[in-house]
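First up is the structure itself, then whatever we jot down about it.
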Amino acid sequence: MKSLTKKRTKAILIDLAISSAVTAGVEYFLRKKVKSEAVHTLITPTIVMWTLEYAQLRKRGQTVGYKKMGLVLENEDGSKPTSRQIIKRMGYRDTVSTIDYIKNRKAFEAEEGAVFPHDRFSGTEVREV
């Protein structure tokens with residue numbers, strides 16, 4: 001595994017830990033109002049993760065995990081990603097990208113780990129700062 005890929009993996013684990021903590025807090029208040037277990041299991045964690053990631057990437061181009069690992073998300077030309085690119089990236093990563101990984105694992109190591117399939121799809125790239 002390439003160095004950049006390892007950093008990206010550590011960054012997503014940091015972001016996942018933060019998202020899980022926020023989700024636990026949100027669910028504490030939602031449990032009183034929403035009785036459906038499906039909402040608490042599937043919808044709430046996804047919405048919290050996507051909201052946190054979107055807000056951080058849109059504002060700074062980095063999530064907390066990316067900042068800790070010294071990474072930044074940019075357009076292929078070096079500018080900040082657009083809202084559309086961020087949403088496309090998150091959606092593709094959490095759906096189709098899993099299938100891409102199973103079919104062709106080596107594609108995840110393209111360009112030294114800077115461009116995963118969901119980055120290629122959205123026109124973004126992860127770089128070290």
Residue match in the stretch 9-32 (condition: farther than 23 Å from A114 by Cα, part of a helix (DSSP H, G or I) and of a type in the set (D, E)): yes
Of residues in the stretch 79-128 being part of a helix (DSSP H, G or I) and β-branched (V, I, T), the one nearest to R60 (Cα to Cα): I86
Positions within the stretch 64-78 being under 16 Å from L52 (Cβ atoms) and either in contact with a Gly (Cβ under 7 Å, 6 or more places away or on another chain) or of a type in the set (F, W, Y) (or both), in sequence order: Y66, L73
Per-region count, the stretch 89-113, residues in contact with a strand residue (DSSP E or B) (Cβ under 9 Å, 6 or more places away or on another chain) and modelled with pLDDT of 85 or more: 1
Residues that are among the hydrophobic types (A, V, I, L, M, F, W, C) and open to solvent by less than 40 Å² (accessible area, probe 1.4 Å), drawn from the stretch 65-91: L71, V72, L73, I86, M90
Some residue of the stretch 96-114 being closer than 20 Å to L16 by Cα, in contact with a His (Cβ under 8 Å, 6 or more places away or on another chain) and not β-branched (V, I, T): yes
Residue list for the stretch 1-13, restricted to those being open to solvent by less than 50 Å² (accessible area, probe 1.4 Å) and hydrophobic (A, V, I, L, M, F, W, C): L4, A11
Unique residue being of a type in the set (D, E, K, R), touching a Lys or Arg at 6+ places or on another chain (Cβ under 9 Å) and assigned to a helix (DSSP H, G or I) when the list is K67, K6, K59: K67
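The values are calculated or read from the model by the stated rules, or taken from the named source; none is laboratory data. Not measured: the values here are computed from a predicted model. Note: ideal-geometry Cβ built from the backbone for every residue, glycine included; neighbour counts use all protein chains shown. Note: areas computed on protein heavy atoms with side chains; ligands, DNA, RNA excluded. Shrake-Rupley method; radii C 1.70, N 1.55, O 1.52, S 1.80 Å.
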